[in-house]
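Right, one structure below, let's go through it.
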Amino acid sequence: MSTIRQIEPDVHGGPPPNLVDYDEGRERFSWEQARATLDGLPGGRGLNIAHEAVVRHVEHGRGDVVALRWRGRDGTARDITYRELDEESGRFANALAALGVEPGDVVVTLLGRVPQLYATVIGTLRHRAVLSPLLSVFGPEPIRQRIDLAAARVLVTTPSLYRRRIAPMRDELSSLRHVILVGEGDVPAGAVAWDAVVGAAEPVHRIPPTRPDDLALLHFTSGTTGLPKGAMHVHEAVVAHGATGSMVLDLRPGDVYWCTADPGWVTGTSYGIVAPLVHGVTSVIDEGDFEAGRWYELLERERVDVWYTAPTAVRMLMKAGPEPRAGRDLSALRLVASVGEPLHPEAVLWGEEVLGLPIRDNWWQTETGGIMVANYRCLPVRPGSMGRPLPGIEAVLLARDEHGEVVLDAAGEPVTVTEPDREGELALRAGWPSMFRGYLGQPERYARCFAGPWYRTGDLARRDADGWFWFAGRADDVIKSAGHLIGPTEVEQALLAHPAVTDAGVIGVPDPVAGEVVKAFVSLAAGFEPSDELRLELIGFARTRLGPAVAPRALAFDQHLPTTRSGKIMRRVLKARELGLSEGDLSTLESGGPDQEVAR
Ligand code: ATP
Ligand code: MG
């Protein structure tokens, strides 16, 4: 069993309540109370994300606090205060109104981390239009698909991205009425310059009445398991962003916070934009790409207090070794959290050794809109576990039959797995504020996500006797070998425990005897070379940890495992390649799209 570390609970006042004791905290917490820590629109005119994130701080005299500490790729730096963000987003909202954009219309962004992105996000929400961020590295086809599906009216992008990706197919984008171009470059016919429409608009903007269930955000999933789905989120989600920003990320006034997620994904919006702004903290916005030395330098120079990153980034830092870390003062760090994929126990311990803090894994999905299960700040960290359900969240494991269907009892109610350490499908009692309200254009698919009162996550997990949850894999990825059900995560984590392995992806390949056998693909750390001896050693290593039934039968070396742009291993692509099948939708594949350089 893994070691359990008690991190002393850290008691600071202020709502949402500091949850020192897990059960007591759950009793004390309610979503109504979390809602009450927000202001709401003045005069009882409802709840709007933009008001809670920006306007309210200015009204409470915090306008001079730096909201965004922007650090450009070319070394330029700019601090943007809450007041400036209020004004620029007010301009954007007024510009939308002047263009005739209606509340409910979809505004798509295709932008890197430029300052105007943040004004666009907040301005769109102020206007009650719906924001849908796309990854700036998407090629034309994924852009077209998503703009079509969303029937988007407005696109905000750069002249260079427009020329390369949009112009050649502009005629096909029949829903688009307005294209706003940010930054230097030619403004072709059919587009307008940011400075001309937004720069010229009035900064003063009053947010219209907004219902908590008005649509606010449309987020496409990562596409790890198939075609990305468009998850619809509402303004009320801000209640969860606020509460989890405090409970999980421990955001406090005066903090410097850095979220490394791309703003084209849900993490980059919920926790890269909304949650830190709601808490009035200063976010470091780093326009550049991953580079171990630069990242350590940034943590030191900006004196980052709270850092939210992903296992893939952690593994890259681990791979980079001690040299780039040497001599850096990281003493400002108070909390480091990770999301997106399983965080293997060695990574948690590496955090403790190298960053001075264990890395706190947490689990959520595009659909849940916010963090649901976490090693949150007042809980001891169990390395390898994704933590416990947050106060306000009820999580169970549903029993599944061999076809993956939820098992029902005689009364037709879903059966839950109650014994410790047994696997089931992770399910959450529907009804938390940031829960998605549908998959755009796919009502049946949405309906299939529910079993009685439970939202089915499609992920498998175990709960230990003390209530900590352990991720076991995605239901779609389960390998059936000689009567055993094997989750790839378990096998991947066993391989990652070997010093030679920096990344691992595990799939089932057809086998006439066993049905399927486990095959692993691994990337090697610097100083290790592929060889038959190493292959045997790794298989043997996994076998001692997992037993022969679960350990990989075959192992291949691959320094470039297919991952999504959000850093998730695409096992379906490994499998398609292995079997010589079509690789399916590759729009979110890391190396699949146009290069980073053109995204500026
Ligand atoms: P798609 O739904 O299109 O296949 P996706 O599920 O990867 O893509 P996201 O919503 O970005 O899209 O990712 C959520 C998923 O990521 C979760 O359902 C889970 O499988 C995985 N995940 C997130 N956090 C963790 C974590 N801490 N540990 C293990 N897995 C995680
Ligand atoms: Mg998913």
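The values are calculated or read from the model by the stated rules, or taken from the named source; none is laboratory data. In this text the structure is predicted, and so the values were computed from the model without any measurement. FYI the Cβ positions are ideal-geometry reconstructions off the backbone, even for glycines, and counts take in every protein chain you see. Just the protein is used for accessible areas: all its heavy atoms, side chains included, with ligands, DNA and RNA removed. Shrake-Rupley method; radii C 1.70, N 1.55, O 1.52, S 1.80 Å.
With r defined as the distance between the Cβ atoms of A556 and T76 and R0 fixed at 51 Å, what FRET efficiency is calculated, to the nearest 0.05? Please list the in-between numbers first.
Details: r = 44 Å, r/R0 = 0.86.
With a Förster radius of 51 Å, E is 0.70.
Hey, what did the range 22-374 get for relative contact order, percent, Cα under 8 Å, at least 6 apart? Intermediate results must be reported in sequence, preceding the final value.
On the way: 675 pairs, mean separation 59.2, N = 353.
RCO, the range 22-374: 17 percent.
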### Query
Using a probe of 1.4 angstrom, how much of the accessible area of the range 479-591 is carbon and sulfur, in percent?
55 percent
### Mean Cβ count within 10 Å, highest first, over the residues of peptides 503-516, 184-197, 28-41
503-516, 28-41, 184-197
### Query
What is the local net charge at L131, summed over the other residues whose Cβ is closer than 14 Å to its Cβ (Lys, Arg +1; Asp, Glu -1)?
+2
### Query
Over the chain, what is the mean sequence separation of C-alpha contacts under 8 Å (at least six apart), divided by residue count, expressed as relative contact order in percent?
13 percent
### Message
Can you give me the % of accessible surface on the range 330-398 that is carbon or sulfur? Probe 1.4 Å, all protein chains present, nothing else counted.
### Response
50 percent
### Query
How many angstrom separate the Cα center of the range 116-164 from the Cα center of the range 293-359?
31 Å
### Summary
With E291 itself left out, Lys, Arg at +1 and Asp, Glu at -1 over residues whose Cβ is under 12 Å from its Cβ give -1
### Task
Mind giving me the nanometre distance, one decimal, between the label points for A447 and V187, set 7 Å out from Cα along Cα→Cβ?
4.7 nm
#### Entry: Per residue, in Å², the accessible surface of the chain once ligands and nucleic acids are set aside, probe 1.4 Å
38 Å²
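Which of the peptides 43-50, 130-137, 580-587, 236-243 is most tightly packed, and how do the rest follow, judged by the mean count of other Cβ atoms within 10 Å per residue?
On the way: 43-50: 20.1, 130-137: 25.5, 580-587: 13.8, 236-243: 27.9.
With the highest mean Cβ count within 10 Å placed first, the list reads 236-243, 130-137, 43-50, 580-587.
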### Query
Can you put V550, V407 in order of accessible area, largest first, using a 1.4 Å probe?
V407, V550
## Note on the structure
Of the accessible area of the range 234-308, computed with a 1.4 Å probe and all protein chains kept, carbon and sulfur make up a percent value of 46 percent
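Of K480/K575; K229/K568; K319/K568; K229/K575; K319/K480, which ones are farther than 23 Å apart at the Cα? Present the calculation step by step, with values, prior to reporting the outcome.
Details: K480/K575 14 Å; K229/K568 16 Å; K319/K568 17 Å; K229/K575 21 Å; K319/K480 32 Å.
Violating the 23 Å limit, Cα to Cα: K319/K480.
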